[in-house]
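Rule-based calculations on the coordinates, nothing more; no lab input. As the structure is a prediction and not an experimental result, all values here were calculated from the model. Quick reminder, even Gly has a Cβ in these numbers, built from the backbone with ideal geometry, and neighbours come from all protein chains shown.
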Amino acid sequence: MNQMTIHDLHEKLLAKELSAVELTKTFIAHRDAAEGEIHAYLSTSDEAALAKAAAVDAKIAAGEPVSDMAGIPGAIKDNICIKGETCTAASRMLEHWVAPYNATVIEKLEAADYVSLGKTNLDEFAMGSSTENSYFGPSRNPWNTECVPGGSSGGSAAAVAANEAVWALGSDTGGSIRQPASFCGLVGLKPTYGLVSRYGLLAFASSLDQIGPIVKDVTDAAIVLNAIAGHDPRDSTSIPMEKKDYKEALKTDVKGLRIGVPDEFFGPGIKEETKEAVKSALAFYEKEGAEIVPVSIPHIKSGVSVYYIIAPAEASSNLARYDGVGFGFRMPGEDIVDMYIKTRSAGFGKEVKRRIMLGNYVLSAGYYDAYYLKALKVRHLLKDDFDRAFAQCDVIAAPSASGAAFRFGAFSDPLSLYMEDICTVPVNLVGAPSISIPVGFHDGMPLGMQLIGPALGEERILNAAYAFEQAHPELTRTAPKGEMEA
Ligand code: GLN
């Protein structure tokens, strides 16, 4: 069962080589054996999972058609609402909060007969890059448990890499799908802003947030995207468009594809091994008939600064609702103001409070123009840079992170950890789609490469990613902690 992907297992289910119930039980057992070390999950939902799996078996037995994902156990990041289940955002504030409704992605997955084994760990309210900011303690990297799995969707990535789930949903505001996928040797796709509904995703920075898959290969990314993409009137930023079949983009032909390579993504902050791995991937594309085009995105240098103004500004507004009245945790006080203060002081962790303070500062009278408005302007300049680059190329290649997964506690000051987001945040600021795929190893730990497309360019990046993956089967490996009995 080692390399089991959604598409492999789907074939086996249809061929009746195994049942969805057997499969679900196998993954539950493997999850329970691995969790002590990995801690990918915050809650589990085995009863519901087995009931859904049984329903899929019944459909298959009756000869009814089933979706590509039907009956295949996955996991959902714990900032996505599933009706009747806790949705904690890995925060004390929501430790016992039960979601009263389903996120749109969950409704879509229901329609595809999905099976979920539970909710996965994250940095509190998705703020962080390592899961070290989770109120419930970090997850561990299945390639080396002394290293972080990345973040904020670190639990989702750890679950898939450790074979505690076949697939998982993550959310990406500034890299939270791509960076953990890269750290755990997986494929992670951040869709175009507006392609996947944000309804029912606990808001962090609403102009940046997107939900997407963390999976073992590019085909699985297309399958999950097929299930969750689509217009939703309940999300005002959702793009009205026809549904597509992203599996049609899975072709190995990249002849004539123009791959833009911005120097700015290969600067001094990026480790040599990462640069070399991406460069060797570029050599592969060239050999296959793609064209490598040097492009320039000068405002990449401002990406981290702009992101760490805009994201906290939006977060400070979005998190104002957690006041001890409407949701979750409450610490009693002398009067209402005292209750607010005590609730928010005790309910939020250090990083969340830091972001709220930063956000309130950049939005306050006297600083609004100097910081927030300025950041919005630079965001436009960055968008112009990307538009100019995409006039010369079809996709852009870049590292997913500066290097491989780092050790726990490696970053003691928050600013140096923020700098680590340099490769991913520019993509969210311009709303573009990007896929991270495994591109090599360093000291036994996986390295990732991003393929970035223009808005709604999912097909191009899936095509380019698939071509590379099919020619490099040695890079789709199982993490040591993911090994399963046959
Ligand atoms: N690491 C980034 C941050 O801390 C991105 C997080 C995310 O994408 N949710 O904000």
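Show me, for the stretch 122-134, the HN-Hα J-couplings you get by feeding each phi into the Karplus relation (A = 6.51, B = -1.76, C = 1.60, θ = phi - 60°), rounded to Hz, glycine and proline as x.
7, 5, 3, 6, 6, 9, x, 9, 8, 6, 5, 8, 6
How do 97, 143 rank when sorted from fewest to most other Cβ atoms within 10 Å of their own Cβ?
Lowest to highest Cβ neighbour count: 97, 143.
Where in the chain are the DSSP H helices whose C-alpha atoms run 24 Å or more along the long axis and whose mean Kyte hydropathy is at least -0.5?
Result, helices passing both filters: 20-38.
Sorting 81, 87, 184 on the 10 Å Cβ count, fewest up front, what's the list?
Details: 81 23, 87 26, 184 33.
Listed from fewest to most nearby Cβ atoms, that is 81, 87, 184.
Consider all pairwise Cα distances in the stretch 231-309 and report the whole-number % of them above 15 Å.
73
With the cut-off at 19 Å, report for the stretch 324-383 the share of all Cα pairs above it, as a whole percent.
Counting pairs separated by more than 19 Å, the tail of P(r) holds 51 percent.
Taking residue 342 as the anchor, which lysines have their alpha carbon closer than 30 Å to its alpha carbon, excluding any fewer than eight residues away along the same chain?
Partners within reach: 77, 83, 119, 350, 353.
Tell me, what ³J(HN,Hα) does each residue in the stretch 442-457 have, in order and in whole Hz, if you take phi through Karplus 6.51 cos²θ - 1.76 cosθ + 1.60 with θ = phi - 60° and put x for Gly and Pro?
Rounded to whole hertz, the list is 9, 6, x, 10, x, 10, x, 10, 9, 10, 9, x, x, 3, 6, x.
Using each residue's phi in the stretch 77-86, evaluate 6.51 cos²θ - 1.76 cosθ + 1.60 at θ = phi - 60° and report the 3J(HN,Hα) Karplus result to the nearest Hz, with x for Gly and Pro.
These are the phi-based 3J(HN,Hα) values: 4, 7, 10, 10, 6, 10, 3, x, 10, 5 Hz.
By what distance, in whole Å, do the Cα atoms of the stretch 149-192 stretch along each of the three principal axes, largest value first?
The Cα atoms of the stretch 149-192 stretch 27, 16, 14 Å along their principal axes.
When only Cα pairs under 8 Å and 6 or more residues apart are kept, what is the percent relative contact order across the stretch 47-138?
The value is 30 percent.
For the chain, what is the mean residue ellipticity at 222 nm derived from helices alone (per DSSP H run of n ≥ 4: -39500 (n - 2.57); sum divided by total residues; nearest 500 deg cm²/dmol)?
-11500 deg cm²/dmol
Would you please give the residues with an amide H less than 5 Å from that of residue 441, counting only those at least 5 places away or on a separate chain, with H modeled from the backbone geometry?
447
Report the rotationally averaged projected area of the stretch 1-144 based on its alpha-carbon convex hull, in square nanometres. Walk me through the numbers before you get to the answer.
Numbers: hull surface 35.5 nm².
Over all viewing directions, the stretch 1-144 projects a mean Cα-hull area of 8.9 nm².
Of 183, 284, 265, how do they rank once you tally other Cβ atoms within 10 Å and put the fewest first? Numbers along the way, then the final one.
Details: 183 33, 284 15, 265 23.
Fewest-to-most Cβ neighbours within 10 Å comes out as 284, 265, 183.
Over the Cα atoms, compute the radius of gyration (one decimal) and Dmax (the largest Cα-Cα distance, rounded to a whole number) for the stretch 190-257, in Å.
So, for the stretch 190-257, Rg and Dmax equal 13.4, 41 Å respectively.
Give me the log10 of I(q) over I(0) for the stretch 270-331 at q = 0.15 Å⁻¹, as the Debye formula computes it from C-alpha points; what are the numbers?
The calculated log intensity ratios at q = 0.15 Å⁻¹ are -0.73.
Bin width 5 Å, origin at 0, all Cα-Cα pairs of the stretch 412-486: what percent of pairs per bin?
Computed distribution, short to long bins: 3, 13, 17, 18, 17, 16, 9, 5, 1, 0.
Which pairs, out of 52/190; 271/301; 251/383, put more than 19 Å between their alpha-carbon atoms?
52/190; 251/383
With a cut-off of at most 16 other beta carbons within 10 Å, and DSSP calling the residue loop, which GluC sites (Glu not before Pro) in the stretch 17-58 qualify? Please list them.
Here the GluC sites (Glu not before Pro) that fit, given the DSSP loop and packing criteria, are 17.
In whole percent, what relative contact order does the chain give with Cα contacts below 8 Å and a gap of six or more residues?
In percent, rounded to a whole number, it is 19.
Mind checking the alpha-carbon convex hull of the stretch 213-372 and giving the volume per residue in Å³?
In the stretch 213-372, the Cα convex hull volume per residue is 214 Å³.
So which aspartates and glutamates can residue 16 reach, going by Cα to Cα under 16 Å and dropping same-chain residues fewer than 8 places off?
8, 57, 64, 68
Compute the signed sum of charges (Lys and Arg +1, Asp and Glu -1) over the other residues within less than 12 Å, Cβ to Cβ, of residue 451. Show your work: numbers first, answer last.
Values: positive: 178, 190, 460; negative: 394, 458, 459, 469.
Residues close to residue 451 contribute a combined charge of -1.
Once Rh is set to the Kirkwood radius over Cα pairs, what Stokes-Einstein translational diffusion coefficient, in µm²/s, holds for the stretch 95-220 at a temperature of 4 °C and a viscosity of 1.567 mPa s?
Working: Rh = 14.4 Å.
Answer from the Stokes-Einstein relation: 90 µm²/s.
From the P(r) of the stretch 292-399, can you give the percent of Cα pairs sitting at distances over 20 Å?
Cα-Cα pairs of the stretch 292-399 separated by over 20 Å account for 55 percent.
For residue 41, enumerate residues with amide H under 5 Å from its amide H, sequence gap 5+ or separate chain, H modeled in the peptide plane.
121
Compute the projected area of the convex hull of the Cα atoms of the chain, averaged over all viewing directions, and report it in nm² to one decimal place.
Mean projected area for the chain: 21.7 nm², to one decimal.
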